[in-house]
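The values are calculated or read from the model by the stated rules, or taken from the named source; none is laboratory data. Quick caveat, the model's predicted, so the values are computed rather than measured. Virtual Cβ from ideal backbone geometry, glycine too; neighbours counted across all protein chains shown.
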Amino acid sequence: MSDDLIWHLESQTIPAAFALLPGAMTSREAVAMLLAIGLQESGFSARRQGGSPTTVGIGPARGFWQFERGGGVAEILSSPNTKDIIVPIVKLFCFQPTAVACHEAIQNHDVLAVCFARLLLWRDPRTLPGPHDPHTGWDIYLKNWRPGKPHESTWQWHFNHAWQIARGVALV
């Protein structure tokens, strides 16, 4: 994880993605959850599951938010409440709105990856948690990302750190 990358994601990439999504999806809570989940999933250091800044992973998940083709990508592309939002965004970036094409694209297209991640959170009917509710954040993360080997021991730090960044208290 680099300071410059976190700064770029929080100040440039996430707002760029929010500009493409319905306004109701923009909130400080959404920024904090996106940062916390990215920290939890990849540490913002691997774009492919099992990788590191110096190696390419071989796992099935892609992008900083670690989406699997048959999981989150396919769900967002086919869900009645998200497909009409994501398909025009995918086409705007000149990708085909298929699970295969989007899965490949989000490995390196961070704005598109944020759109998928935000839409996955949007599908959950619960209100996104505030800075003092890491337990709800953990529950929302577990339900929507369905990690194979969840590490609750790191969540509290990631959640708190994400909120510090979202509030402008700390960069990294």
Looking at (1) touching a helix residue (DSSP H, G or I) at 6+ places or on another chain (Cβ under 6 Å); (2) over 15 Å from residue 20 (Cα atoms); (3) free of Cβ contacts under 8 Å to residues at least 40 places away in the same chain; (4) part of a helix (DSSP H, G or I), which is the one condition that is false for residue 97?
-> (4)
Those residues of the range 100-123 which are touching a helix residue (DSSP H, G or I) at 6+ places or on another chain (Cβ under 6 Å) and either at pLDDT below 95 or assigned to a loop (DSSP other than H, G, I, E, B) (or both) amount to 106
State yes or no: is residue 82 β-branched (Val, Ile, Thr) and farther than 22 Å from residue 31 by Cβ?
-> no
Return the residue satisfying two criteria in turn: it lies in the range 15-32 and is touching a Ser or Thr at 6+ places or on another chain (Cβ under 9 Å) and in contact (Cβ under 8 Å) with a residue 40 or more places away in the chain, and of such residues it is farthest from residue 62 (Cα to Cα).
-> 29
Give the range 127-169 a look and list any residue that's exposed (fewer than 12 other Cβ atoms within 10 Å of the Cβ) and not in a helix (DSSP H, G or I), or say none.
-> 127, 132, 146, 148, 149, 151, 168, 169
Collect the residues in the range 57-94 that are in a helix (DSSP H, G or I), at pLDDT 95 or above and buried (at least 18 other Cβ atoms within 10 Å of the Cβ), keeping them in residue-number order.
-> 73, 75, 76, 77, 85, 86, 89, 90
Can you name the residue in the range 1-20 that is aliphatic (A, V, I, L, M) and under 14 Å from the mean Cα position of the chain (by Cα) and is also nearest to residue 43 (Cα to Cα) among such residues?
-> 6
